[in-house]
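Chemist: Got a structure for you, questions after.
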Amino acid sequence: MNHAQQAPLEFRDLRKRYGATPAVAGISLAIAPGAFVALVGASGSGKSTLLKTVNRLVEPSGGTVLFEGADVAGLPLAALRRRIGYVFQSVGLFPHMSVAENIAIGPRLVGERLPVSRIAELLELVDLDPAMAPRMPDELSGGQRQRVGVARALASEPQLLLMDEPFGALDPVTRDALGQRVRKLHAELGLTTVMVTHDMAEALLLADRILVMDGGRIVADETPHALLDGAGGEIAQALVSVPRGQADRLAELAR
Amino acid sequence: MNGIWATLLGLGDKLAAHVLLSSAAIALGIALALPLAIWASRSETVARATLGFASLVQTIPALALLALFFPILLSLRAVFGEGLPTLGFLPALLALALYALLPILRNAVTAQANLDPGVIEAADGVGMSFWQRLRLVEAPLVAPYIMAGIRTAAVWTIGAATLSTTIGQPSLGDPIFAGLQTQNWVLVLAGCIASAGLALVADALLGTIERGLKTRRRLLTAGGLGAVALGILAALAVQFAGRSEDRIVIGAKGFSEQYILARLIGQRLETAGYAVGYRDGLGSAVAHRAVSTGAIDILVDYTGTIWTNQMERSDNPPRDAMLAEIIDWESRTSGTHVLGRLGFENAYGLAMPRAAAASAGISGIGDLATKGQGMTIGGDPEFFERPEWIAVRDTYGLRFAARRNFAPTFMYNALQSGEADVIGAYTSDGRIAADDLVILDDPQGAFPNYDAIVLLAPETGKDERLREALRPLVGAIDVAAMREANLSVDREEEKVSFEEAARRLAQRAGIETP
């Protein structure tokens, strides 16, 4: 890790409680520029909560989040969110706006008009036909919608991309294709990416750093390679054992 | 059928007033509901409180809500000064706007609550400010539902606005109330057809806007909005074209005699060069308050009514003494001017069919104490609440098996059909002779005198020329003339209009104007 470079994202003793239940129980870590980090854990492990503290969709109970070195609590909310690309689990396309209007919404909020050529370019980035620009969201398939969601997140040219279970609702083929596409975009655009997922296989295949969360804490912080080598402790290995077992059984069937 | 067409065509100004009142009330309802809905969407407590309040308002009968604004506005004069109108447009507007609140608010709050939470999170996530989210996402998505609420509110409001006649606001309720009073079904039907037609048109136009919003067809939305705006503009044009500001407004309570006398006074004033308007169908208490506060200019009232209801007296002096005290009381408390007696008395009296009274051996009210216990007594909606009735009941110890309220006209039908055995009748009513009724003797003098007198509002009473124009009316109308005039509009056959009855009355009394 290059310590000389400013970490785009850092958590310092971050805490979040809902009533008496701690969702995030004191997390400190830094994410290096250009990293593709997967936050993996079971439902209720606190991974989505942690992600949402970055653009303050969730306000923490304690600790700080630093975005490019600045405490996010001190940044103007709307400006902060426009600098961070965010892909939602629920996609969240605006149903009354066309594909083009959805993609152009971020720049529009600050009074800029995204040129048609740029919208076409963004559509092509996510493997969609630019002719789709005037369509309405309800005319698209689930996979096409999430591709538009990714294009919308990239429209403001963010350096940091956050994804909350982005492929959770997609069929396996679309899911795989879109995952690989995003991984390529990550490299091409020089992004720092944090992706929340409960699917360890997806994390192993896409990320270069995997954080395993359980009960609001980071229980493992490893590379995919190290995890497959048995590092990271019991909880992480229980998650890794699922795709490994599936791979073994598939290999056996193929023999 | 020709009558209905002619009547409908004559309703132009009522329709215009109705359109303006309804659209102003709906607009005010929208102006109140939308900020409340936005606030409610941010707070569960506010949502519950506002919806609870709007639902509570909805449980108050529209007629009562309209009436309640009279004392409310009267007490608000302490804050806003004496210029605050207490009758007519303002109270009707406020009551109807409150009524329109619920459907708009409920639809807006429900639509907002049912917005896809993912879309709202996305709006926040892409960096929208509060107002951007409201304008770019929430408003366009809930607009069709709010429009549906406005449609419901419009239909309710247009219907309920007919009731504003009772608090002195002209509306399509005027022909309905006047027609109910005189069993003139053509008038009632014309009022109903006009208000139902207006409601249907409003519903269709607002429905067009709703469809336009839902399918995001701007042309459809704009077309609907344009048509609504045109309708309101046309109503404005009719209302204010050639209207003279200093009209003399003559009030009438909700029975035939009052309608006729108001026309009689109006015809004299028009001859004298005054512009004249009418506020028909006022409640008894509202009417007196209206003339004493100047909300109307002229009212025919009755000495016994003022004596017992407004002055709250329970003694029963001779008629000259009573009138003298009333004149003094009116000028002392409000400055209202009493022009004088018209000449006839319209007393309350208990009436029975002559044959039934004879066969039961009843000639005086006292006989009812023993023989009336199995009988049903009928009265107008005010009758059993009035102090006169309570005085009569207690003086003679009356007890009946049942009592029923009827609109004044229907009381006489009830007596004929046997649904009532005794009614609280008006002694100047033409149907007493026509139906062969007998007024039971009141030997103890429990009913006070009810001399018809002309009241002039404080400012109006200072107009010497107006007083002179009306002076010939004083003492000119005897009870036989009044009965004949009343019968001419109340009877089933050969009904005449109030205007025509007033002209004939003037002729008979020898005071017709050239």
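The values are calculated or read from the model by the stated rules, or taken from the named source; none is laboratory data. It should be emphasised that the depicted structure is a prediction, and the values quoted were computed from it without experimental measurement. Cβ placement follows ideal geometry from the backbone for every residue including glycine, while neighbour counts extend to all protein chains displayed.
Chemist: Taking A:LEU250, is it of a type in the set (A, V, I, L, M) and closer than 22 Å to A:LEU50 by Cα?
Modeler: no
Chemist: Answer yes or no: is there a residue in region B:273-281 that is in contact (Cβ under 8 Å) with a residue 40 or more places away in the chain, among the hydrophobic types (A, V, I, L, M, F, W, C) and either surrounded by fewer than 24 Cβ atoms within 10 Å (Cβ to Cβ) or not in a loop (DSSP other than H, G, I, E, B) (or both).
Modeler: Looking for residues that are in contact (Cβ under 8 Å) with a residue 40 or more places away in the chain, among the hydrophobic types (A, V, I, L, M, F, W, C) and either surrounded by fewer than 24 Cβ atoms within 10 Å (Cβ to Cβ) or not in a loop (DSSP other than H, G, I, E, B) (or both), one finds none in region B:273-281, hence no.
Chemist: Among the numbered conditions (1) of a type outside the set (D, E, K, R); (2) assigned to a helix (DSSP H, G or I); (3) farther than 30 Å from B:ASP297 by Cβ, tell me where B:LEU115 comes up short.
Modeler: Exception for B:LEU115: condition (2).
Chemist: Next question, about the same structure. Take the residues of region A:107-134 that are more than 29 Å from A:PRO76 (Cα to Cα) and not in a helix (DSSP H, G or I): which is farthest from the chain's Cα centre (by Cα)?
Modeler: By that ranking, first place goes to A:PRO134.
Chemist: Just name the residue that is nearest to B:PRO408 (Cα to Cα) out of those in region B:323-362 that are over 30 Å from the mean Cα position of the chain (by Cα) and exposed (fewer than 14 other Cβ atoms within 10 Å of the Cβ). Please lay out each step first, then the result.
Modeler: Residues of region B:323-362 over 30 Å from the mean Cα position of the chain (by Cα): B:324, B:353-362.
Subsequent filtering for residues that are exposed (fewer than 14 other Cβ atoms within 10 Å of the Cβ) retains B:324, B:354-355, B:358-359, B:361.
Values: B:ALA324: 30, B:ARG354: 20, B:ALA355: 22, B:ALA358: 24, B:SER359: 26, B:GLY361: 26 Å.
Among them, the one singled out is B:ARG354.
Chemist: Before we move on, is B:THR152 touching a Ser or Thr at 6+ places or on another chain (Cβ under 7 Å), more than 14 Å from every other protein chain (Cβ to nearest Cβ) and in contact (Cβ under 8 Å) with a residue 24 or more places away in the chain? Talk me through it step by step, then tell me what you get.
Modeler: Numbers: touching a Ser or Thr at 6+ places or on another chain (Cβ under 7 Å): no; more than 14 Å from every other protein chain (Cβ to nearest Cβ): yes; in contact (Cβ under 8 Å) with a residue 24 or more places away in the chain: yes.
The answer is no for B:THR152.
Chemist: Counting just the residues of region A:16-30 that are within 22 Å of the chain's Cα centre (by Cα) and either surrounded by fewer than 17 Cβ atoms within 10 Å (Cβ to Cβ) or small (Gly, Ala, Ser) (or both), which one comes out farthest from A:ASP71 (Cα to Cα)?
Modeler: A:ALA23
Chemist: Let me ask something else about it. Just to be sure I understand, how many residues within region A:72-89 are at the interface with another protein chain (Cβ under 9 Å from one of its Cβ atoms) and without any contact (Cβ under 8 Å) to a residue 24 or more places away in the chain?
Modeler: The qualifying residues number 2.
Chemist: So, in region B:53-83, of the ones that are within 21 Å of B:ALA287 (Cα to Cα), surrounded by 14 or more Cβ atoms within 10 Å (Cβ to Cβ) and among the small types (Gly, Ala, Ser), which residue ends up farthest from the chain's Cα centre (by Cα)?
Modeler: So the residue we want is B:ALA62.
Chemist: Considering only residues that are touching a helix residue (DSSP H, G or I) at 6+ places or on another chain (Cβ under 7 Å), among the polar types (S, T, N, Q) and either touching a residue at least 60 places away in the same chain (Cβ under 8 Å) or surrounded by 22 or more Cβ atoms within 10 Å (Cβ to Cβ) (or both), which ones fall in region A:131-177?
Modeler: Those that are touching a helix residue (DSSP H, G or I) at 6+ places or on another chain (Cβ under 7 Å), among the polar types (S, T, N, Q) and either touching a residue at least 60 places away in the same chain (Cβ under 8 Å) or surrounded by 22 or more Cβ atoms within 10 Å (Cβ to Cβ) (or both): A:GLN146, A:SER156.
Chemist: While we're here: Considering only helices (runs of 4 or more DSSP H) fully contained in region B:1-107, which possess at least 3 residues that are under 30 Å from B:GLU459 (Cα atoms) and at pLDDT 90 or above?
Modeler: In region B:1-107, the matching helices (runs of 4 or more DSSP H) lie at B:12-42.
Chemist: Name the one entry in B:THR166, B:THR157 that is touching a Gly at 6+ places or on another chain (Cβ under 7 Å) and in a helix (DSSP H, G or I).
Modeler: The unique qualifying residue is B:THR166.
Chemist: Which number in (1) within 14 Å of another protein chain (Cβ to nearest Cβ); (2) surrounded by fewer than 18 Cβ atoms within 10 Å (Cβ to Cβ) marks the one condition that B:LEU230 misses?
Modeler: That leaves (1) as the condition not met.
Chemist: What single numbered condition from (1) closer than 16 Å to B:PHE255 by Cβ; (2) modelled with pLDDT of 90 or more; (3) not charged (D, E, K, R) fails to hold for B:THR376?
Modeler: So B:THR376 meets the others, but not (1).
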